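Please treat every number below as a calculation from the coordinates, not as lab data. Remember, it's a predicted structure, so these values are computed and weren't measured experimentally. Cβ coordinates were reconstructed from backbone atoms using ideal geometry, including for glycine residues, and neighbour counts include every protein chain displayed.
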Amino acid sequence: MSSKITPDVRAAVASAVGAANVLSDADRIVDYGHDEFSLKEIARDPDLVVRPGTTEEVAAVLRIASTHGIPVTPRGGATGLCGGCVPFRGGIVLSLERMDRVLEIDADNQMAVTEAGVRLSDFAKAVEEGGLYFPPHPGDESAMMGGLVATNAGGSRAVKYGTIRNYVRGLELVTAAGEVLWLGGKLEKSSTGYNLMHLVIGSEGTLGVVTKVVLHLKAKPGIMRSLVVPFEELEPALETVPLIMKRGIVPIAVEFLEIEPIVLTEEHIRKKWPTKLGKTHLLIILDAASDEEMDRLSQAVAEVCCEKGAIDVFIADTPAKQDEVLAIRSKIYDAIKAGTVEILDIAVPRAEVAAHVRKVREIAARYGLWLPTFGHAADGNVHTHIMKARYENGTMVPIAESEWRDKADPIRREIFEDCRARGGVISGEHGIGLVKKPYLPLVFDNRQIEIMRGIKRVFDPAGIMNPGKIFD
Ligand SMILES: Cc1cc2nc3c(=O)[nH]c(=O)nc-3n(C[C@H](O)[C@H](O)[C@H](O)COP(=O)(O)OP(=O)(O)OC[C@H]3O[C@@H](n4cnc5c(N)ncnc54)[C@H](O)[C@@H]3O)c2cc1C
């Protein structure tokens, strides 16, 4: 245990949150030392896990931590993919799990107010029960609302509906010194001074602890339809995407997929994808107010795809077919997780996706490693998976560590360099956390990073909030 966490400090924390909400037994804290990043070598046990139940308790813990210079790492659902909630410098993991109440669904203002520890699945359910709709849907529903805000999470519906940032209207932040700030509110507009709320969105727990969030909601959508469009080759598939958008059609999602992960996922969850034709597939999800509008949109999308050489257009128009297609897309991660070292999430301008993925394929061939690549084509957000397995006749075969270990770093760097050359960034939705930190200077110059350090010093002069994340 860190020498800073003396018996007196522990007693003060226990008196703030209740002794039952302070954990230090090895068999309990081990669960709080990692996220979903696959290499457990970055995991680190915290000295204490603290589970406050109210904003006042969060503030009290931060005041103690500040006084004693103890690092504090906020933790949501731990579904992060870059080590963001790993307590890299030890100290306290502050878990929001007990702050799990949706406080209000305000139908007149189309706003929800929620505590930070509410899981996305529970939040979406509460919103639906309130007769409204919360579009952002990152892939793991056990993520918590505070974590989604702290990473500015995206997901496949961002093309039409935007990322979490587009929905946050207000938030409650507890700073490192234990001050409670209300930033924004149930407002659709504000031109009142610097927007500190937007600074906190995506700050990955380095500026303070988000304890409550005000989120904009939408009216329930109309009908939905999914189109699965196989192409023989990569380029025509990806070049179709800007053409669809240029026609003024904005689908809910435009995903591109390779056939190998689809085959593995079909086997994994025992469901059927509509076709095995071709090597690259587009999954295009549309929503519309009426059947007539849906038919018109589907027809227009199908025309563009066929003009670019699509082999066929398969329509999932019943709820059962739709569920099957969406289940396969959302379970790809589970199907290939055992063979995955890391999921990258670069973002480039939409029209650069094809050339970037072609480059990834060239890198894969040069290093002799399987790098399945798919993602949110219309957002320019590409998930290349660095693998410790190869694909062989519809199965995933593990490879020796000596075959992938020394290749992972140079592959990651080459992919990031290509993305920078195309005007992109190294994270489109997962954040920087611990594992992408060394690469930040690839996309930000020294002055930008220096300004960020300065902002952190203002919020957190003692440097206790999630130290060692994003930048040193
Ligand atoms: C299967 C799978 C699919 C995924 N799909 C997507 C996707 O489509 N799009 C996407 O964007 N992401 C996706 N992710 C990544 C992940 O779900 C998101 O990054 C999510 O926003 C993390 O939320 P969390 O609550 O799990 O946060 P955690 O992993 O617990 O923490 C993430 C970061 O946020 C900070 N943090 C957490 N809570 C707070 C708080 N209350 N106050 C301040 N800081 C806080 C942590 O310190 C850490 O830096 C996926 C992950 C998995 C495993």
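Quickly rank 260-266, 58-64 as a protection proxy: mean count of other C-beta atoms within 10 Å, highest first. List each step's numbers first, then the result.
On the way: 260-266: 20.3, 58-64: 22.9.
Ranking the peptides 260-266, 58-64 by packing returns 58-64, 260-266.
Check cross-link reach from LYS212 to the aspartates and glutamates: straight Cα distance under 16 Å, and skip same-chain residues fewer than eight apart.
Candidates past the 8-residue exclusion: GLU56, GLU57, GLU97, ASP100, GLU104, ASP106, GLU115, ASP122, GLU172, GLU179, GLU204.
Using the C-alpha atoms of the chain, what convex hull volume per residue, in cubic angstrom, is computed?
Roughly 151 Å³ of hull volume per residue.
Could you list log10 I(q)/I(0) for the range 70-207 at q = 0.15, 0.18, 0.20 Å⁻¹, which the Debye formula gives when each Cα is one point scatterer?
Each listed q corresponds, in turn, to -0.74, -1.09, -1.34.
Show that you can apply the helix-only estimate: for the chain, add -39,500 (n - 2.57) for every DSSP H stretch of four or more residues, divide by all residues, and state [θ] at 222 nm to the nearest 500. All intermediate terms of the calculation are to be shown ahead of the outcome.
Numbers: 15 runs with 168 residues, N = 472.
It lands at -11000 deg cm²/dmol.
Toward the positive end of the charge dipole of the chain, about the Cα centre and with charges on Cβ (Lys, Arg +1; Asp, Glu -1), which of HIS68, PHE374, PRO7 goes farthest?
Of the candidates, HIS68 comes out farthest on the positive side.
Mind pulling up the Rg/Rh value for the range 333-472? Radius of gyration and Kirkwood radius, both on Cα.
When Rh is taken as the Kirkwood radius, the ratio is 1.02.
Can you list the lysines whose alpha carbon sits under 19 Å from that of LYS218, skipping same-chain ones fewer than 8 residues off?
LYS125, LYS160, LYS186, LYS189
Grab the eigenvalues of the alpha-carbon gyration tensor for the range 206-329, scale each by 5, take roots, and send me the semi-axes largest first in whole angstrom. Don't skip to the end; give the middle numbers.
Values: eigenvalues 138, 83, 54 Å².
Each semi-axis is the square root of five times an eigenvalue, giving 26, 20, 16 Å.
Calculate the dipole size of the chain relative to its Cα centre from +1 charges on Lys and Arg beta carbons and -1 charges on Asp and Glu beta carbons; express the result in debye to the nearest 20.
It works out to roughly 860 debye.
What order do you get for 296-308, 89-101 when each peptide is scored by the mean count of other beta carbon atoms within 10 Å, highest first? Mind dumping the intermediate values first?
Working: 296-308: 17.3, 89-101: 22.2.
Going from most to least packed, we get 89-101, 296-308.
For THR340, enumerate residues with amide H under 5 Å from its amide H, sequence gap 5+ or separate chain, H modeled in the peptide plane.
HN-HN under 5 Å from THR340: LYS388.
If I fit a long axis through the Cα atoms of helix 319-336 and take the longest principal axis of the Cα atoms of the chain, what angle between them do I get, 0 to 90°, rounded to 10?
60
Cross-link candidates for LYS388: which lysines have Cα within less than 29 Å, leaving aside residues fewer than 8 places away along the same chain?
Answer for LYS388, where 29 Å is the Cα cut-off: LYS40, LYS271, LYS272, LYS276, LYS279, LYS331, LYS337, LYS359, LYS407, LYS436, LYS437, LYS469, listed by chain and number.
Have a look at the DSSP beta bridges in the chain and tell me what percent are antiparallel, nearest 5.
85
Sorted by average packing, counted as other Cβ atoms within 10 angstrom per residue and highest first, what order do 110-116, 28-34 take?
Result, highest mean first: 110-116, 28-34.
To one decimal place, what Kirkwood hydrodynamic radius in Å is obtained for the range 171-215 from all pairs of distinct Cα atoms?
After inverting the mean inverse Cα-Cα distance, the result is 11.0 Å.
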